[in-house]
Protein chains: 2
Amino acid sequence: MLRIEFNPEKVPRQMSTKNAFYAQSGGVTAVINASACGVIETARKHKNRIRNVYAGQNGIIGALTENMIDTNKESARTIAALRHTPGGAFGSARYKLKGIEENRAEYERLIEVFRAHDIGYFFYNGGNDSMDTAQKVSQISKSMGYPVTCLGIPKTVDNDLPVTDNCPGFGSVAKYVAVSTKEAALDVLSMAETSTKVFILEVMGRHAGWIAAAGGLAGSGAAGEPPHIILFPEIPFRKAAFLKRVRECVKDYGYCVIVVSEGASYANGKFLAEAGTTDAFGHAQLGGVAPVVANMVRDNLGFKFHYAVADYLQRSARHIASATDVKQAYAVGEAAVKMALAGETAVMPVIKRVSDSPYRWKIAKAPLSRIANKEKMLPRRYISKDGFSITAAGRRYLEPLIAGEDYPPYIKGLPNYVTLKNVPVRKKLKTKFVV
Amino acid sequence: MLRIEFNPEKVPRQMSTKNAFYAQSGGVTAVINASACGVIETARKHKNRIRNVYAGQNGIIGALTENMIDTNKESARTIAALRHTPGGAFGSARYKLKGIEENRAEYERLIEVFRAHDIGYFFYNGGNDSMDTAQKVSQISKSMGYPVTCLGIPKTVDNDLPVTDNCPGFGSVAKYVAVSTKEAALDVLSMAETSTKVFILEVMGRHAGWIAAAGGLAGSGAAGEPPHIILFPEIPFRKAAFLKRVRECVKDYGYCVIVVSEGASYANGKFLAEAGTTDAFGHAQLGGVAPVVANMVRDNLGFKFHYAVADYLQRSARHIASATDVKQAYAVGEAAVKMALAGETAVMPVIKRVSDSPYRWKIAKAPLSRIANKEKMLPRRYISKDGFSITAAGRRYLEPLIAGEDYPPYIKGLPNYVTLKNVPVRKKLKTKFVV
């Protein structure tokens, strides 16, 4: 059992030992646990400052309901294994705290829990909503006379956080999409003479086309190389131009590989996926954009098609994670702890690109106010003039992010992902809080 | 381990040198090129017997139209790289030769082309249709006074060939499905508290549930471990029992992971995928079974869901191929050449399992007549009594087939798959043949 080894001589007089609270937020990624690993391993190196890292069970909800996990109960080996384990090891939550005016009680509850458990550090691992929350907690904790050091840790497959050059989580989904597109394209090319001529891969990214763009890495960008068409949410879908291109590809190259973002939409803003399809009972049918595009191809051109919907597979595919992404995910977790210990608050570690080739990057910091509630769209200059592919500039940006492989260990043919004991921290408050 | 049950020493000393013809047939796999590699590398070791391996451009169609590829024009390094390259390097074809009575002209044309190019060996890499063709070619070539040595080489992700313990191609798709199910399950478990509670993965296997069964390897089989439900084509779908189980899983474990075979169907034989969905224009909508199951869950239980359709990704995912599968795919290609040189004809190398654990196998041979046009279904004893999971016996059979990783080399974050020059063999015949 790990107890604090408190050596007063080693701790600067004015600095006390506190606990830290870490939570995962929103959609998980193949590498969010690598950030958790960075936080916990770094905190463990500073036992004189951070006694224990409590993790929120199901994210911030775990703080509100006082359901926290004692990470000191996990061995060093288990924590190290988080680096290669996808999903959110402590549970995540889609739960956005409201504005302070609307629901002051939630923020006060957070501070009450933090105070009861002697928590002086709040590490929030998420997207731009989470950065907004972290910033508000920083402010309100001060105003309540219990100042908490609040750090954001970037995470999103959507790559849409501002300031940071890229977001941990994106590089691995980008690699998955690029590799899968390349592989499926070889398959379709083999089959095209007598069978499937059009293949459609649906990828995530409801608002920004970063993930769809990554599909463009599957080929060199030379004419005829797959993917032949990318449908970005940033480019209004024009049916005639799209069908014309599909027909040309099949004529010129024998096949056509399409990567479509789930957010692809018409000029009027309507998603392609909202095609008004109904099931046998007339219920509006939920479904992806891929079948809509596939049926459009069939009805207008008659080509045989196949489609795949990558969905969660793309963001949980730790088996094909980008080594660059894993390193960066760990680095932002590590940096957040170091920044906190250096007295920083209301900031988030960001990735600064130093050079494209060779790819060099470093960690810098940005105030949460510059991150919160802002979205970074795929720049138009990364998309070709015709709107169907990526440019050389886009390729230069994307390529380093998928570089390197970081394979998990395997047992019996399967990745040996870790499961934590997740021992709860004993509750101290008498009050219950219902979220 | 590869032990071949025949003795090449028995081969008569003085034999003539002939060319070989190799063709890929039907849906391609992550490892069909490893079989091609086994054929070509082994043939190259016997230049005194096999002068050149001509490959059919787009399978058997390449023989009929005299469009063949000169594999001697490819370097040893390129041929070696086929071992780690998915898809069909020479193109495949969904093209079944008709019965001899119906279309004798096709068979005669084949023999005409073989004779013109001094082809004495026919290696046909495919499923049970292809074994039927190879057998017929063997018969008709004899009756036409130009006997060709005809060897089948097993290939199918569906694992439905008889006699052989398993089929090259299956192990890799099984590994992909098991790994993906395991990864997506970790994702869903993280999200289930506030978001997605049900995840559905659609996999291939229209007639046999081998691939769906492989999803069962994602967990240990202990209660609560994903996948919680497998829908096999062998088990008639009962909606009430299915929905009851989904509800129980969400109640007991917080989430429910479902692997569904594209061939899942009702007791009356109707596929679930034929749910009678129509698009906005009232056209019958093609689509997978996953959205049908997803909508059923939503309409009846109201749970938030996600679904993925693996489609071609599962059978082209060379990046996560099973090392066992790669070895066996190579071995059947190698063995086919050795058997041919040993004077065997109208046979196919099969995989014989010697033991489950440790897994040991050897190559044996089976007459094509025992393979052609037969399907091996998933045995009922591999499916649990309730029809929703695999049994210990099923697990014992499946586990060794996904064992081991065989990573392709990478450049710039992407697998370095080979592209052949595919230099055509000069045509010798004046006549054209239209398929």
Task: Residue selected from the stretch A:413-423 under the condition loosely packed, with under 15 Cβ neighbours inside 10 Å and not aliphatic (A, V, I, L, M), by the criterion nearest to residue A:319 (Cα to Cα) - done: A:416
TODO: State all residues of the stretch A:71-111 that are within 14 Å of chain B (Cβ to nearest Cβ) and either touching a strand residue (DSSP E or B) at 6+ places or on another chain (Cβ under 6 Å) or of a type in the set (D, E, K, R) (or both); if no residue qualifies, say none.
DONE: A:88, A:90, A:92, A:94, A:96
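Looking only at strands (runs of 3 or more DSSP E) that lie completely in the stretch B:57-154, which have at least 2 residues being more than 25 Å from residue A:196 (Cβ to Cβ)? Write out each step before concluding.
Numbers: elements: B:68-70, B:119-126, B:149-154.
By residue number, B:119-126, B:149-154.
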TODO: Please enumerate the residues belonging to the stretch B:340-374 that are among the aliphatic types (A, V, I, L, M), surrounded by fewer than 24 Cβ atoms within 10 Å (Cβ to Cβ) and assigned to a helix (DSSP H, G or I).
DONE: B:341
Task: Boolean, residue A:407 is more than 18 Å from the chain's Cα centre (by Cα) and surrounded by fewer than 17 Cβ atoms within 10 Å (Cβ to Cβ) - done: yes
Task: Count - residues of the stretch A:123-140 that are surrounded by 24 or more Cβ atoms within 10 Å (Cβ to Cβ) and farther than 16 Å from residue A:96 by Cα - done: 0
TODO: Could you grab the pairs with beta carbons closer than 8 Å, sequence gap of 6+ or different chains, first residue in the stretch A:172-188 and more than 9 Å from every other protein chain (Cβ to nearest Cβ), second one of a type in the set (Asp, Glu)?
DONE: A:172/A:325
Open item on the list: Condition first: small (Gly, Ala, Ser) and part of a loop (DSSP other than H, G, I, E, B). Now tell me which residues in the stretch B:164-205 satisfy that.
Closed with: B:169, B:192, B:195, B:205
- [ ] Give the residue, chosen from A:250, A:259, that is closer than 15 Å to residue A:189 by Cα, touching a residue at least 40 places away in the same chain (Cβ under 8 Å) and not basic (Lys, Arg).
- [x] A:250
- [ ] Out of the residues in the stretch B:425-434 that are of a type outside the set (Lys, Arg) and loosely packed, with under 15 Cβ neighbours inside 10 Å, state the one that is nearest to the other protein chains (Cβ to nearest Cβ).
- [x] B:434
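Take the conditions within 14 Å of chain B (Cβ to nearest Cβ), out of contact with any Phe, Trp or Tyr (no Cβ under 7 Å at 6 or more places or on another chain) and not hydrophobic (A, V, I, L, M, F, W, C) and apply them to residue A:358. Does it pass?
Details: within 14 Å of chain B (Cβ to nearest Cβ): yes; out of contact with any Phe, Trp or Tyr (no Cβ under 7 Å at 6 or more places or on another chain): yes; not hydrophobic (A, V, I, L, M, F, W, C): yes.
Yes.
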Task: Complete set of residues in the stretch A:401-435 that are in contact with a His (Cβ under 8 Å, 6 or more places away or on another chain) and acidic (Asp, Glu) - done: A:406
- [ ] Count, please, the residues in the stretch B:213-238 that happen to be under 24 Å from residue B:195 (Cα atoms) and among the charged types (D, E, K, R).
- [x] 1
Task: Given (1) under 22 Å from residue A:258 (Cα atoms); (2) modelled with pLDDT of 95 or more, number of the condition residue A:377 does not satisfy - done: (2)
TODO: Answer with yes or no whether residue B:344 is in the same structural domain as residue B:27 (by TED's automatic domain parsing) and either in contact (Cβ under 8 Å) with a residue 24 or more places away in the chain or under 30 Å from residue B:246 (Cβ atoms) (or both).
DONE: yes
Task: Of all residues in the stretch B:383-414 being in a strand (DSSP E or B) and either out of contact with any Gly (no Cβ under 8 Å at 6 or more places or on another chain) or within 13 Å of chain A (Cβ to nearest Cβ) (or both), the one that is farthest from residue A:408 (Cα to Cα) - done: B:411
Open item on the list: Suppose we filter the stretch A:21-56 for residues that are under 12 Å from residue A:125 (Cα atoms) and part of a loop (DSSP other than H, G, I, E, B); how many remain?
Closed with: 6
- [ ] Can you work out which of the residues in the stretch A:297-318 that are under 31 Å from the mean Cα position of the chain (by Cα) and more than 7 Å from every other protein chain (Cβ to nearest Cβ) is surrounded by the fewest Cβ atoms within 10 Å (Cβ to Cβ)?
- [x] A:305
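The values are calculated or read from the model by the stated rules, or taken from the named source; none is laboratory data. Being a predicted model, the structure only gives us computed values, none of them experimental. As a convention, Cβ positions derive from the backbone with ideal geometry for all residues, glycine included, and neighbour counts pool all protein chains shown.
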